[in-house]
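What follows is calculated from the coordinates using simple rules that are stated; it is not laboratory data. Predicted, not measured: the structure shown is a model, and the values here were computed from it. Using ideal geometry, Cβ is built from the backbone for each residue, glycine included, and neighbour counts are taken over all protein chains shown.
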Amino acid sequence: MIGAGRLRFTAQAQRQNAIDALGNKTKAWTNLGSSFRVDLRDIGSQEQEYAGGTNLVQQYECLARYGSIEKNDVKTSDHLVIDSRTFNISSMRNEAERNQVITMTIEEIV
Amino acid sequence: MSLYTAVRNMLTTGTAMPVAVGAVSLGVRTQTVALPAIVFNTTEIETLSIGTGSGDQLKRATVSLKVYHDTAVDVTTVGLATIAKFIPGTYDSLVIQAIVVLSNSIQEPSSDNGEETNPFVGEIIADYYYKET
């Protein structure tokens, strides 16, 4: 279980749906389902090569209730928007296969 | 007077800018600069046997310009806007007489940082023919 007191943040999942003229997904991200509560823990950052230069990639561990993720059909290809900041989801883990807590590794490119 | 400055001046002066002035740089994209961005470099400089004096001699430089943007469509658009800025003239005391576009291609993006696709990169390779005044 995950205590309600730890779920300090509100997250909104977003998905790319539209395809452009070249068959790639467009930049348009649309909201997915309803927002849900999450916990966010900073697990470090690293500067790395990005688009011909260097950017800071900040990693967080994001905990959410299994039901929130299932209801909103959140996948690793989606984004999470938390406090107007956009995060890429790089992994999702169903803790102990208990269907209670989903732990996601999410990244913000600064 | 340098070819690098001349190439950058060509892309950052006048109207119909393909990207923001601060997003055009030599060798590496400046950190914290938002996309789209252009990174350029020269791969070859050759002095042709046309002209006599040192200032008169025609030179040829092969310039590679990489365009970074979010999608392939965006890269195509910015790439064409960049080529439209290839206007012969005097830049940083170099007289650029002609520019020949050799290729304009889109490369595959990498797929890390939890994204299906990172920003796309397009590469324009062009020969610049110029004289030093």
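Quick notes
- Per-residue 3J(HN,Hα) values for segment B:33-43, derived from phi via the Karplus relation 6.51 cos²θ - 1.76 cosθ + 1.60 with θ = phi - 60°, read 6, 6, 6, x, 9, 10, 10, 10, 6, 9, 10 Hz in sequence order (x marks Gly and Pro).
- Here the calculated FRET efficiency for A:E97 and B:Q107, from their Cβ-Cβ distance with R0 = 35 Å, stands at 0.30, rounded to the nearest 0.05.
- Of B:A126, A:G33, B:S25, farthest towards positive along the dipole that unit charges on Lys, Arg, Asp, Glu beta carbons give the protein assembly as shown: A:G33
- The convex hull of the Cα atoms of chain A, projected and averaged over all directions, covers 7.8 nm².
- Each label point was placed 7 Å from the Cα along the Cα-to-Cβ direction; for A:S90 and A:E61 their separation is 1.5 nm.
- Working from label points 7 Å from Cα in the Cα-to-Cβ sense, the B:L80 to B:T30 distance is 2.8 nm.
- Cross-link reach list, aspartates and glutamates versus B:K59, counting only Cα pairs under 16 Å and skipping chain neighbours closer than eight places: B:E44, B:E46, B:D92, B:D127, B:E132
- Residue of A:G23, A:G33, A:G67 that the Gaussian network model of chain A assigns the largest fluctuation, springs spanning Cα pairs under 10 Å: A:G23
- Distance-filtered residues of segment B:117-133 - backbone nitrogen under 13 Å, label point 7 angstrom along B:R60 Cα→Cβ: B:126-130
- Top of B:I87, B:I106, B:I96 by mean-square fluctuation, Gaussian network on chain B, Cα under 10 Å: B:I87
- Across peptide A:43-52, the mean count of Cβ atoms from other chains lying within 10 Å of each residue's own Cβ comes to 5.
- Each residue of segment B:71-84 was assigned a 3J(HN,Hα) from its phi angle through the Karplus expression (A = 6.51, B = -1.76, C = 1.60, θ = phi - 60°), giving 10, 5, 4, 5, 4, 4, 5, 5, x, 5, 5, 5, 4, 5 Hz with x at Gly and Pro.
- Selected from B:S110, B:S64, B:S25 as most flexible by GNM, with chain B as the system and alpha-carbon contacts under 10 Å: B:S110
- Here the protein assembly as shown has an Rg and Dmax of 23.6, 83 Å, counting Cα atoms alone.
- The three principal axes of the C-alpha atoms in segment B:4-133 carry coordinate ranges of 57, 25, 23 Å, sorted with the longest axis first.
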